Amino acid sequence: MPNSIEPSRYQWVGNFNHNLNGHTEISKDGLLLCDGSERCQLNEKNHSFIVPINSEIDLFNRSIETIGEEAIDSCSSTLSPMLPAVVIDSESKLLPFEELLLEVLDRGHLHQISIRPRIDIRYDDEVVDIARAKRLGKGALVHLASHSEDWQRQTLSGVVPKKVLARFSEDDHNIYENRIYARLLDKIDEHLKRRLSSLKSLQVTLDHAKEFYQSENIDYRLANEICRLWGITFSESSTSKASELLDGVLTSLQFLHKSIRGLKQSGLYLLISRNTKVGNTLYRTNILNHDAHYRNLLILWEQLNKVSLKVSPKEQFEHNEMLANAYSNYVGLVLKHALQPYLNHENEKEWAGRKIKLQKNNLEWELLSESDNGLESEILFTLIPWLAYVPKPENLIKIPQNIFIAWPGLEQNIKEAAYHENWIPVSPLDMYCIERLGLLVDKIMCGKVISTFSKPITKIPKQSLALSRRLSHIAVDSESYQVEVQGEVLKEDLDKLQSTLMRENASSQAYDLILRSEEILFLIKCPVCNSRTKLYFQETGFKINCNNCKTGRYFRKEREFYEFEQVYMNLSEKNDFFKYGRNSYSFKYIDNGLYF
């Protein structure tokens, strides 16, 4: 492994356990997670974690923790993967500590401490010239008698001193209570910075939601679908109200932050060394208990500790482990919504002559395709949730084409594209989270069908071959004893041909016939409005136009590859994901896979 490690990127596959930083045993299939520090010691090998700093992390974690717990027990059709209302409600209010801080600042207690702090008198003894001495130190005469170098001259009556041990007094601001004041300001400053960053991220998300409700540049189908999912959490009026409340909270927190920054730039704070530390538990001195101003430091300190609880490295590791599981559940929820046109919020369903099944394997999600006869089975794609708050890593080994990484993508410019190669940003802070996975799913499912479009069924017996000549949308090659399904075949014709094939012991050909026919039925159903359309077979592919929603789908051969395109007809903008979502896309196909 490299010296610098992204948390949760690596999974232990060995048969014996690894010990992390002396406090946690990582067993087989366990993730290598951060324990809150940069240190990463695995048994006797030293590495370091990359600890991210991002303003959206706290809001993101609270969201997936809330949704992930509900996703275990709730039906995916009733649970929205968008930002939870409970998180929005909690963030749209001042915390009890922040209300208390407003009250303390309003009464001027912190400003009084800054201007007129309690001080101590420090006495220091120092040997100085006689002209500077105002008060003799303890033992000054003894010191003078034993240090003749400090004599100016000696007389019959005694000694005339040149230097003496003098005592000086100095105001000492570095008392325990003042150190608490300085470190309290630091802690409040950090808390307010995190809160402001988190609330600004939330405000951006709410602004995006309001834009969707009022947008004229986004296709109405996409806008309606996203607003429907957002509406499960928040209505348009609730969103506007929450945004107004959030504005008020932001204004109050900005005032608090400005006041704390002002106190740190003047008065007592500048007289206390930044290197002085104070324990998390305070000693209740007389000043902290009885002084009208200093007693508020103790109250604020204890309230702030309730907001930011200190946890041990082992507890932090366990919390991160819980978050990794919650993110896996969240990604599964988004995937179920994206698969709704195919699975209808179930885990298993018949589709295009096959049985498709969504299953969870450890933290990963797999979509399987099985033939009705049980002879064929394949994994259409695997989605691996990776809870890491980093941009997409560069210079990675090439990922297999049917494996995709879902990660928060908090530092990624998610406005550039729906996804980046095999990397898909999936986050409750993103209004397009379902559309991104939906686009991927549509390409894979459509690619699976068109890869066998018009594929010849070989070794057809003579009677079945003769019957096929009389049926529409079936092309016959008598010399090669093969047929091609080139359009929708009437059910009664299909049943006759299937029965004939079975009588001639061509069960495999009968299965392929039904499969090709089911694939045609899938293609003639419009994926946008579910209307029935008509497929026009062409030598190099097909053309399907929906008269209801004006969606056009085209499949054609271009030199060494096939190209599929789904667009709204008569529109100049093609494949604009952020305008049309999953309803407009294209991809290229070759024999060994898809090029997205």
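The values are calculated or read from the model by the stated rules, or taken from the named source; none is laboratory data. Predicted model, so just to flag it, every value in this text is computed and none were measured. So basically every Cβ, Gly included, is an ideal-geometry build from the backbone, and we count neighbours across all protein chains shown. Just the protein is used for accessible areas: all its heavy atoms, side chains included, with ligands, DNA and RNA removed. Shrake-Rupley method; radii C 1.70, N 1.55, O 1.52, S 1.80 Å.
Results, tabulated for the structure shown:
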item	result
Given charges at beta-carbon only (K, R positive; D, E negative), |dipole| of region 417-512 in Debye	340 debye
Segment I299-K241, extension gain: residue separation times 0.36 nm, minus the distance between their alpha carbons	17.6 nm
Apportionment of accessible area to carbon and sulfur, region 457-596, percent (1.4 Å)	44 percent
Additional length obtainable on full extension of the chain from E378 to S215, 0.36 nm per residue less Cα span	54.5 nm
Convex hull projection area averaged over all views, region 465-596, Cα basis, nm²	9.8 nm²
Surface accessible to a 1.4 Å probe, M322 within the full protein complex, Å²	60 Å²
Distribution of pairwise C-alpha distances over region 245-292, 5 Å bins, in %	4, 15, 11, 15, 23, 15, 10, 5, 0
222 nm mean residue ellipticity, helices alone, for the chain (DSSP H n ≥ 4; -39,500 (n - 2.57); rounded to 500)	-13000 deg cm²/dmol
Under 24 Å from K459, Cα to Cα: lysines that are on another chain or at least 8 residues apart	K448, K491, K496
K162 accessible area, 1.4 Å probe, all protein chains in place, Å² to nearest 10	90 Å²
For the chain, size of Cβ-based charge dipole, Lys and Arg +1, Asp and Glu -1, in debye	1080 debye
Within region 244-285, backbone nitrogen closer than 12 Å to the virtual label 7 Å beyond the Cα of D186 toward Cβ	272-280
Alpha-carbon centroid distance for the pair region 526-548 / region 303-370, whole angstrom	35 Å
Sequence of D247, D219 from largest to smallest accessible area, 1.4 Å probe	D247, D219
Gained length - K398 relative to N530, 0.36 nm times residue gap less alpha-carbon distance	43.8 nm
Inter-probe distance in nm under a simple model that places probes 7 Å from Cα toward Cβ, at D495 and D172	10.2 nm
Protein-only accessible surface order, largest first, of I113, I287 at 1.4 Å	I287, I113
With all protein chains modelled, accessible area of D495 [1.4 Å, Å²]	60 Å²
